[in-house]
Every structure is written in structure tokens, then in C-alpha cells.
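First the structure, in the form of C-alpha cells, and then the observations on it.
The values are calculated or read from the model by the stated rules, or taken from the named source; none is laboratory data. Everything numeric in this text was worked out from a predicted model, so none of it was measured. Don't worry about glycine lacking a Cβ; one is built from the backbone with ideal geometry, like all the others, and counts go over all protein chains shown. These accessible areas exclude ligands, DNA and RNA; they are computed on the full protein's heavy atoms, side chains included. Shrake-Rupley method; radii C 1.70, N 1.55, O 1.52, S 1.80 Å.
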Amino acid sequence: RYYQNACTQSYSYVWWDWARWEREIDWMALSGINLAPAFTGQEAAWQRVYRSLGLNQSEIDAYFTGPAFLAWNRMGNLRGWAGPLPPAWHLKQLYLQYRIVERMRSLGMITVLPAFAGHVPRGVLRVFPRVNATRLGGWSHFDCTYSCTYLLDPEDPMFQVIGTLFLKELIKDFGTDHIYSADTFNEMTPLSSDPAYLSRVSNAVFRSMTGADPEALWLMQGWLFQHQPDFWQPAQVRALLHGVPLGRMIVLDLFAESKPVYQWTESFYGQPFIWCMLHNFGGNHGLFGTVEAINHGPFAARRFPNSTMMGTGVVPEGIEQNDMVYELMNELGWSQEPLDLPGWVTRYAERRYGAPNAAAASAWRLLLRSVYNCTGVCVNHNRSPLVRRPSLRMDTQLWYNASDVYEAWRLLLSAGAELGSSPTFRYDLVDVTRQAAQQLVSEYYLSIRRAFQSQALPELLTAGGVLVYDLLPELDSLLSSHNHFLLGRWLESARAVATSDREAEQYELNARNQVTLWGPSGNILDYANKQLGGLVLDYYGVRWSLFISALVESLNSGSPFHQDQFNQAVFQVERGFVYNKKRYPAVPAGDTLEISRKLFLKYYP
């Protein structure tokens, strides 16, 4: 029963202190998790290895990204962006890692340590000019300023030297449970599709592990196979997997609830695999689930001809959203057969709130059949107009009946008198009200677009005015009433890790950039969008205000609306938010039930 995604380290855990880590590890134990990564603090070990190889500090500083982007530095996607890492960062992360590993093992969990995947800083080429390394292409929407890392040739003797050196450092510090993680081609196209080359790469990675630990097992994310299926044809997949002796690799079928890979690879050609639910991208808020797929998928995988499935996994990119889906998936890891979902969710509501309540149970059954029941190939990026850069071509489609959420909202509110003292109830009330408000934003957006296209200025001003001056501020005050929905909490947790004002400013910029621009120029704009008190008003709200103004100006002047011009103007607003230095409260204000009720009386359709 596996838990964690390489990206969660950056989207969710990046600013955690020991108290927060301890809570998570205890939750893992209570949930039956027994296999999980321990990736914290690895940069300190890498720094020691690079220094021992002869790299200087400026070469190391140019390689590591800032804390909020380390997940992608580790997978060879990014270098240098939002860095460098201050010396104090390494010390604090090392201290955390000692405690994380000790706590996980004391509760009977197997820890997975990071290993060398083949990516090296440019400084390695200066120290070893004859080393055979190739520069990879840019990742996602990044150019070579912050991307295009170097990959060592698997045949180069330095591959084994560096890989074994690093793993020996880690094992010396933290001991080992003999399972190691490495991802050489995560969202990166290999240099050649020749099966012999791909086998050599995986064999080199594995040999660098066994050089330090003869009992090594390699745990690999299987994301690459479904992310670039044109490249990873059966011959290429087989070659990569068979570069490692059968049984010495465990593949995470990372997105098995929507795009399982085991089905078209004859169960990973004999290598053991874990059936994983990915569920969430970027740590976005938004009610979502594929309950039917997860209720049946793991059992179908067990029955698959010659199945090599060896467990279930929960691998969201970001946590602290949609608790119900994770409770369900963790429970399925113990089940012999699919559960009766309506019965299960009724009991879930009672467990969650500590008392039976007919209205709350009905609300959950409605949510189960609607937002939580996405079927087909479902990819949960929150694309709601609320959290996306405004345009006249926004996607408002839903996979469910919006009225089910509005009705669940009404039912939950009606249970407030009985359940209002339950913290989990108050959290869910914020979450369901937030979802209803997100739907309402789409309704107002459609009214705004219709008004603009039919050149109806009064209707445009009315719908735009309600959205910008009432609905978004009300949503912001709802979110600000709960600890888990505060921008200030995210920013202050980043500042709290710092040991100087300069570090605090760097960490805060990391935290702000990740949830907005995701890169210097909006490279992966709004990928990690969140709905937080402070962010809705000062980031999404300001964008919408600018958009409405641009549409009004267009109708008034009779000149067409130009998206490109708007994008340039709105980028200044987005960038301005990242650098505005405004401090946001880290403690909630206002009564969640009252604010939800007020929103309900105004907006319930």
C-alpha cells in the first residue's frame, strides 16, 4: 500500500516542519500505508557528492532550483529556477529527514530512498571534459535558461561512479530498506528509440544502485509510458523494463484509474507493479473523483492474465483536498471485492462528523453520484473560469449535474445546527460552498460572454459587476473563515522555514510563484491553482476586473477585443501579485456557517 507522488514533495510538503510531518506519517500508519518515499534533504547529499567530484559552489547553486520547484529538478526537468538553496535549507531538511525515516520505520513502513537517474549539473562537464553527456531539450514551456539538463551516457564510467557515490552517502546517513526511486525520462523524450539503448539506460541506473546495495530494488514511476505513448511503443517499454532483472523493479502504474498501462504491456512484461490512483494534479481545489473506476480497477488488475500486481497506491500531485476519495482508496487496499458505494458513503458521513445525520448523508450520496463519479478518461485539472486567465474561449463543461452540488449545499447547510461544532463538517461546508461558487462563476462568465457578443452593455455591466464586486469577495471571505483555505497560511509556512529576512523573501516568492505563474513568464500558468482566501480577491478577482473593463472598453470604443493585448496587460497584474509583498492573515476570520448561509440566500439558484 504505497503513498506519495514525486510532485507532492513540492506542491504540498515543501514548507512542512516536523510536527506536520509527524501528523502525516501517523495518518499513513492509521491508513495502512506501508511503502513510501523519504526524499527530504537529498540535495545536501548531492552537494557533498558534487563537491567531492570537484564542482565549485557557484556551479551547484546554478543547478538546484528553489524549494518549491525541487521535485522537477530531481527529475531532470528544471535547473536554477527560483534558486539557489541557502546552506540553512540543507541543514534543516537533513534534520527533518533523519526524523522522517526513523518515524516511518518505527511504524513498520518501508522507506524508498532517491537514487541517481543520470542527470548532472553542467559543472561535471568542466571537471571531466571527456565525459559523454548529452543536453536534453526544454521541458514543458521552459526554454534552456532554466531547463535542458545534461544526461550522462549510460556507458560512460562516470555514470556508475556518481550513482554509487550518491547512494553510499545516503545509506551512510539514513540506513536503507533496499528500495530506491529514479526517473530518467519523466516527461523527457529519450535520445534514441532504439530498444538496445533504452535497455542500456535502465541497466546503468540499476547497476549504480547495486554498486552501493547488492539487494537494491528499483521503484519507478510509470507515468512516462502513458504521457508519451507515441514514443513508448511495446518494444520500447519492454526494453526499458527488461534492462533490469525480473522482480528487481517495481513500476507504479501511476494513473491507473484513467489510463492504466498494465493492460497494454502484458502486466509490465513481468515486472511487478502497483495499481495507483493519481486523482489530483497541481494540488488544485475542486470536488472530483472517479469512484467507479477505483472501486473496480484494482480487482480487475488482480484478475488480469498473468497479473504482476503487488499492491495499491495513492499518488496525488497535491493533498489536502477531497478527503473522501483517499479514505475510499485506502479502504479498497484491504478489500476482497468492490464496495457498495452508497452504503459506504452514508457510513463515511457518520464517521466523519461523529454523529448520524440524514441531511448530511443525503448530501454525500448526491456528491457521490455527481462530482465524485467522473467516468471515461478523466483528468482532474481544475479548468473552471474562476482559476484560469480570462478569455472569450473558456471551458465551462462539467462531467456532472450542477444541480446535485447546489442541492448538496442546501442539505449540508440544513445540518449545520446539529453538526456545526464538528471541524470536519465546517471544512466540508466550505468545500461544497466553494464548489457551488465555482459553478456560479461559470454561469456569470457565460452571461458576460453572451452580453459582450450581443453588444449588450447594460447586461455586461450587471453580470460583470455582480461577479467582481460581490460573488468573488463573498467567496474570498468564506475561504478566509477557515484555516485550511488561507493564502496567509501557505505564505507564512514558507517564511517560517527561513533563517534570515533574505531567505524569507526568497521562500515567499517561491510559494507565490508556484500557485500562480509557475515559472518566470507564466510558463505553466495556473497549473497549481488554489482557491484560498486572499488569492481569490487579489489575484483571480483583479484579473476578472481587468477582463470586464477590457470588454466594456471594447464595446464603448467599437474596437475589437484582442486577447493577445489583454494577455500582456494581465501578465503585469499576475506578476505584480507575485512581487507585491503584502502580508496575508494566517488565522481565519468570520463564521463559516454564517458566510455560507449568506451566500446561499443570495445565490442558491
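Would you kindly state how much longer the chain becomes between Q228 and W334 on full extension, computed as 0.36 nm times their sequence separation minus their alpha carbon distance, in nm to one decimal?
Working: separation 106, 0.36 × 106 = 38.16 nm, distance 3.25 nm.
Residue separation times 0.36 nm, minus the Cα-Cα distance, leaves 34.9 nm.
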Going out from 0 in 10 Å bins, what whole percent of all Cα-Cα distances in region 137-180 drops into each bin?
23, 29, 33, 15
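For region 337-473, what mean projected area does the convex hull of the alpha carbons give, in nm²? Please list the in-between numbers first.
Values: hull surface 41.0 nm².
Reported value for the Cα convex hull: 10.3 nm².
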The simple spin-label model distance between D194 and E320, using points 7 Å out along Cα→Cβ, in nm, is 4.9 nm
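Using a/c under 1.5 as the rounded threshold, could you call region 213-352 rounded, prolate or oblate? The axes a ≥ b ≥ c are square roots of the C-alpha gyration tensor eigenvalues, and prolate needs a/b larger than b/c, oblate otherwise.
prolate
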Considering Cα pairs under 8 angstrom that are at least six residues apart, work out the relative contact order of the chain and quote it in whole percent.
12 percent
Residue span K582 to R302: 0.36 nm per residue of separation minus Cα-Cα distance leaves a gain in nm of 95.6 nm
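Please say if region 182-276 is rounded, prolate or oblate, where rounded means a/c under 1.5 for a ≥ b ≥ c the square roots of the C-alpha gyration tensor eigenvalues, and otherwise the choice is prolate for a/b larger than b/c and oblate otherwise? Walk me through the numbers before you get to the answer.
Working: a/c = 1.73, a/b = 1.25, b/c = 1.39.
Verdict is oblate for region 182-276.
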For the chain, treating each Cα as an identical point scatterer without solvent, what Debye log10 I(q)/I(0) comes out at q = 0.08 1/Å?
-0.59
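With 21 Å as the cut-off, how large is the P(r) tail for region 426-603, expressed as percent of Cα-Cα pairs? Write down the numbers at each step before the final one.
Working: 8520 of 15753 pairs.
Of all Cα-Cα pairs in region 426-603, 54 percent lie more than 21 Å apart.
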Quick one: check the C-alpha center-to-center distance for region 69-125 versus region 234-278, whole angstrom.
25 Å
On a 0 to 90 degree scale, rounded to 10, what angle separates helix 18-30 from the longest Cα axis of the chain?
90 degrees
If you wrap region 263-326's Cα atoms in a convex hull and average its projection over all directions, what's the area in nm²?
4.6 nm²
Inverse mean reciprocal Cα-Cα distance (Kirkwood Rh) of region 316-359, Å:
11.7 Å
Take each of the peptides 383-395, 502-514, average the number of other beta-carbon atoms within 10 Å over its residues, and list them starting from the highest.
502-514, 383-395
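Summarise the accessible area of region 426-603 (1.4 Å probe, protein heavy atoms) by the percent that is carbon and sulfur.
53 percent
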In Å², rounded to a whole number, the accessible area per residue of region 426-603 with probe 1.4 Å is 40 Å²
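At R0 = 35 Å, how high is the FRET efficiency between K172 and R23 if r is their beta carbon distance? Nearest 0.05 is fine. Don't skip to the answer; put the middle values down first.
Values: r = 29 Å, r/R0 = 0.83.
Using R0 = 35 Å, I get an efficiency of 0.75.
If you average 1/r over all unlike Cα pairs in region 416-530 and invert the result, what Kirkwood radius do you get in angstrom? Walk me through the numbers before you get to the answer.
Numbers: mean 1/r = 0.0590 Å⁻¹.
So the Kirkwood estimate lands at 16.9 Å.
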Percent of alpha carbon pairs in region 74-155 separated by more than 15 Å?
70 percent
Where does helix 541-557 land angle-wise versus the long Cα axis of the chain, in degrees 0 to 90, nearest 10?
60 degrees
First obtain the Kirkwood hydrodynamic radius of region 6-162 from its Cα pairs, then insert it into the Stokes-Einstein equation at 37 °C and 0.692 mPa s, and state the resulting D in µm² per second as a whole number.
197 µm²/s
Taking 259-271, 66-78 and ranking on average Cβ neighbours within 10 Å, highest first, one gets 66-78, 259-271
Using the basic label-point model (7 angstrom from Cα toward the beta carbon), what is the E187 to T424 distance in nanometres?
3.4 nm
Between region 471-537 and region 295-328, how many Å separate their Cα centres?
30 Å
What is the angle, in °, between the Cα long axis of helix 592-603 and the longest principal axis of the Cα atoms in the chain? Nearest 10 is fine, range 0 to 90.
60 degrees
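Please figure out what share of the DSSP beta bridges in the chain is antiparallel and state it in percent, rounded to the nearest 5.
Values: 6 of 30 bridges.
Around 20 percent antiparallel, to the nearest 5.
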